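See structure below.
Values quoted throughout were computed directly from the atomic coordinates according to the rules given, and no laboratory measurement underlies them. Bear in mind the structure is a predicted one, so any value in this text is a computation, not a measurement. With ideal geometry, Cβ positions are generated from the backbone for all residues, glycine too; neighbour counts draw on all protein chains shown.
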Amino acid sequence: MPYDAHENKWDSPFGFRRKPPEEKDLPVCYKCLRDPPGESVPLFIVYLVRIFKIVSIISDAGTPGISDPGVIIVNECIKQNINIFPVPGPSAVSSAVSVSGFSEKYFFYGFFPDQNKDLIKDLSILGDLDCSIVFFISPKKINKAIEPLKKHFSGRKILICREISKFYEEYLRTSVDNLELYEKIPKGEITIIISEKINEINKSNNLDESDKKSIKKMIKILSIKDIIDIMTKKRDVSKKEIYNYCLKLKDEK
């Protein structure tokens with residue numbers, strides 16, 4: 001555990017400073033994220049979430065995660081299946097984009113049109129955009145929109161946000177191709193975000209120097225199982241090769 005309660009400081013190689021001495025109620029660490037913050041920072045933040053359950057990303061200007069290095073932490077939390085909730089500002093658009101993990105370059109469409117032919121016409125144009133696309137949609141229209149979305153945005157990811165900041169707040173992350181009709185019409189306000197176009201994962205069965213550098217950082221704070229999960233999500237690398245390299249690093253200590 002990196003926090004030393006007696007010394008009131010974080011014993012970590014990541015450059016986190018201890019909290020100001022006048023704030024003694026809770027153990028808190030803070031770090032200024034710069035662009036790029038490096039791979040060790042989001043991994044350490046995930047470690048803090050595992051310990052303390054709640055971690056906040058704050059900003060002195062704008063929304064964290066939009067044109068902001070906080071998006072790197074958001075993406076790492078998504079990979080680790082950690083729930084993320086925005087603290088809404090004046091618009092559901094910025095709140096939804098900030099927790100999407102998609103491209104910070106986005107196009108806001110607004111509400112779906114009443115006429116289906118107008119919707120299909122617009123989606124055929126939007127399908128060529130290589131950026132995130134944000135829609136507002138009435139719950140009564142969500143089922144009618146699923147097939148057109150699958151037709152024009154196949155291969156992309158989608159985040160469906162419902163009732164942002166309210167009691168029944170809900171976030172559904174899936175791929176557009178896996179969308180299914182709702183058996184019961186959902187209640188509340190819905191914001192949909194379609195991801196940018198997804199590039200194919202770099203396929204290689206061998207660890208390259210960049211992979212090995214990442215593993216050397218992760219081995220300090222994560223288990224071998226966690227490292228294998230993270231690396232195989234990033235690339236098509238042999239689990240056995242990752243495992244053997246982790247053992248090699250541990251033997252060198």
Indicate the gyration tensor shape class of segment 92-249 (rounded, prolate or oblate), computed on the Cα atoms with a ≥ b ≥ c the square roots of the eigenvalues: a/c under 1.5 is rounded; otherwise a/b larger than b/c is prolate and the rest oblate.
-> prolate
If a/c stays under 1.5 just call it rounded; otherwise compare a/b with b/c (prolate if a/b is bigger, oblate if not). Do that for segment 209-252, with a ≥ b ≥ c from the square roots of the Cα gyration tensor eigenvalues.
-> rounded
Where does each of 209-215, 144-150 land if you order them by average Cβ count within 10 Å, highest first?
-> 144-150, 209-215
Under 10 Å, Cβ to Cβ, from Ile185 - net charge with Lys/Arg +1 and Asp/Glu -1 = +3
Given Ser214, Ile198, Asn143, which one lies farthest toward the positive end of the charge dipole of segment 104-253, if we put +1 on the Cβ of every Lys and Arg and -1 on the Cβ of every Asp and Glu?
-> Ser214
So, relative contact order of segment 92-194 in percent, Cα under 8 Å, 6 or more apart, is 32 percent
